[in-house]
Amino acid sequence: MAAGVRLVVLGKQGAGKGTQCVRLSHRYAVPHISTGDMLRAAVRAQTPLGIEAESLMSTGELLPDELITRMVDERLTERDATTRGFILDGYPRTVVQATMLEEIVAARPLHCVVNLDVPTDLVLQRLVSRRTCVDCGSIYSTSEPPVQRWLCDVCGGEVVQRPDDTAEAIMTRLQAYERETLPLIDFYLERGLLETIDGSRTPDEVLKSTVEVVERRKKEHG
Ligand code: AMP
């Protein structure tokens, strides 16, 4: 399987996006670019961006399109992304962002946009029990914790409940998803880029289906 791919992965909070993106990035040897992870790192480091982002993030509101797009644009000009490609996770989240992304990647178009489809009740169940590594973003759950409680199996970082994984912030994020992100399904459908995958199955099954569609798309691109 050839390395390199340019993908956007869409899905509600808790659809298993993060886990799939990490596995896809290893499979295709491309960076996993998660805007949420980048912002959380900025908050921890208390950079000017982190300070600006912190309160909006804690309530589950979206950050301004221009601000987030500048961050993504800068990351996409780094050598790993320009030479091999990228998996975009958490961006775009609005039609304005998707339009800006089209310009950024005009010379290196997306292979496809993977939409991980999971019913809302299952997503809520997953989010409430979700635990996340503060350092590398690896995802665990209360029913499947790291081997050494609560230290990340991958990097040894602390594994905690995200401050925005509270019932209230989860509802705000799901509403933001319905309002702002759902229109992206039609946006990418119209451009012939959308691939919807049933995300309610096991992570291995979801990965298998995703790799199948990505391989087909890569072949079509030539
Ligand atoms: P995530 O880890 O993807 O759930 O992102 C966590 C939070 O970061 C979101 O609830 C937003 O406050 C902010 N965020 C991440 N990506 C974006 C984006 N593309 N547009 C606006 N806000 C974002």
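The values are calculated or read from the model by the stated rules, or taken from the named source; none is laboratory data. The model shown is predicted, which means the values in this text are computed figures rather than measured ones. Don't worry about glycine lacking a Cβ; one is built from the backbone with ideal geometry, like all the others, and counts go over all protein chains shown.
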Meets criteria (in contact with a strand residue (DSSP E or B) (Cβ under 6 Å, 6 or more places away or on another chain) and more than 8 Å from the ligand (Cβ to nearest atom)) for residue 30
yes
Go through the range 45-82 and give me each residue that's away from the ligand (no atom under 14 Å from the Cβ), farther than 27 Å from residue 163 by Cβ and not hydroxyl-bearing (Ser, Thr, Tyr).
78, 79, 80, 81
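Starting from residues that are in contact with a strand residue (DSSP E or B) (Cβ under 6 Å, 6 or more places away or on another chain) and surrounded by fewer than 19 Cβ atoms within 10 Å (Cβ to Cβ), keep the ones in the range 109-129 and report whichever is modelled with the lowest pLDDT. Can you show your working first?
Just the residues of the range 109-129 that are in contact with a strand residue (DSSP E or B) (Cβ under 6 Å, 6 or more places away or on another chain), to begin with: 110-117, 129.
Those left that are additionally surrounded by fewer than 19 Cβ atoms within 10 Å (Cβ to Cβ): 117, 129.
Numbers: 117: 95, 129: 89.
The selected residue is 129.
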With respect to the numbered conditions (1) within 14 Å of the ligand (Cβ to nearest atom); (2) part of a helix (DSSP H, G or I), which one is the sole condition not fulfilled by residue 204?
(1)
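One residue is enough: does the range 83-102 have a residue meeting the conditions over 30 Å from residue 222 (Cβ atoms), in contact with a helix residue (DSSP H, G or I) (Cβ under 9 Å, 6 or more places away or on another chain), more than 13 Å from the ligand (Cβ to nearest atom) and not charged (D, E, K, R)?
No: the range 83-102 contains no residue that is over 30 Å from residue 222 (Cβ atoms), in contact with a helix residue (DSSP H, G or I) (Cβ under 9 Å, 6 or more places away or on another chain), more than 13 Å from the ligand (Cβ to nearest atom) and not charged (D, E, K, R).
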How about the range 90-135: which of its residues are in contact (Cβ under 8 Å) with a residue 24 or more places away in the chain, part of a loop (DSSP other than H, G, I, E, B) and of a type outside the set (Gly, Ala, Ser)?
91, 92, 93, 94, 105, 108, 109, 110, 111, 118, 119, 134
